[in-house]
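Down below is the structure, laid out as structure tokens.
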Amino acid sequence: MVFVPQKKGTILKLSGYKEHLFVILTNECPEKNHLLVNFSSIHEGVFHDVACVVNAGEYPFIKHPSYIEYRRAETVKASHLIKCNFTQKEDVSDELYTRICNGLISSIHTPKRIKKYFEENRYT
């Protein structure tokens, strides 16, 4: 079965030295991109963005308190998501998707170009 990237979908993707869980926030835009954000574990005494904190159990793959790392949000070509054969995980719930999107808009750490892209493509 061919992977078709779509909003609310999740994939495991290498980020730094290990795989992180990424959420696809937009469907394919006219430029054939998708917007992705990733979960990152919260570590005591280490900075984390509080715009969207996700606790263990709120999503099946999350085992520790985590946050969305909006400062590393990225647009990725749909063709890259398809050809790289990333491990697909369960879609996020409507409620979690809404929280992640609201956090993207409210976070002071989301790059302006990402906020602009999201506003232009969130309903595609």
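The values are calculated or read from the model by the stated rules, or taken from the named source; none is laboratory data. Remember, predicted model here, so these are calculated numbers, not experimental data. Backbone-built Cβ (ideal geometry, glycine too); neighbour counts: all protein chains shown.
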Please identify the pairs in which a residue from the stretch 1-30 that is in contact (Cβ under 8 Å) with a residue 24 or more places away in the chain has its Cβ atom under 9 Å from the Cβ atom of a residue that is assigned to a loop (DSSP other than H, G, I, E, B) and among the aliphatic types (A, V, I, L, M), counting only partners at least 6 apart or on another chain.
-> K7/L25; K8/L25; K8/V92; G9/V92; T10/V92; L21/I62; V23/V92; L25/A73
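Per-residue answers, yes or no, for (1) at pLDDT below 95; (2) loosely packed, with under 15 Cβ neighbours inside 10 Å; (3) at positive phi; (4) of a type in the set (A, V, I, L, M):
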| position | (1), (2), (3), (4) |
| --- | --- |
| C52 | no, no, no, no |
| E69 | no, no, no, no |
| V76 | no, no, no, yes |
| E95 | no, yes, no, no |
| T98 | no, yes, no, no |
| R113 | no, yes, no, no |
Scan K116, K83, K112 and give me the residue that is free of Cβ contacts under 8 Å to residues at least 24 places away in the same chain, basic (K, R) and closer than 21 Å to V2 by Cβ.
-> K83
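Any chance you could count how many residues in the stretch 6-33 are touching an Asp or Glu at 6+ places or on another chain (Cβ under 7 Å) and not charged (D, E, K, R)? Walk me through how you get there before you give the answer.
Taking the stretch 6-33 and keeping what is touching an Asp or Glu at 6+ places or on another chain (Cβ under 7 Å), we get 8-10, 12-13.
Checking the rest, the ones that are also not charged (D, E, K, R) come to 9-10, 12.
Final tally of qualifying residues: 3.
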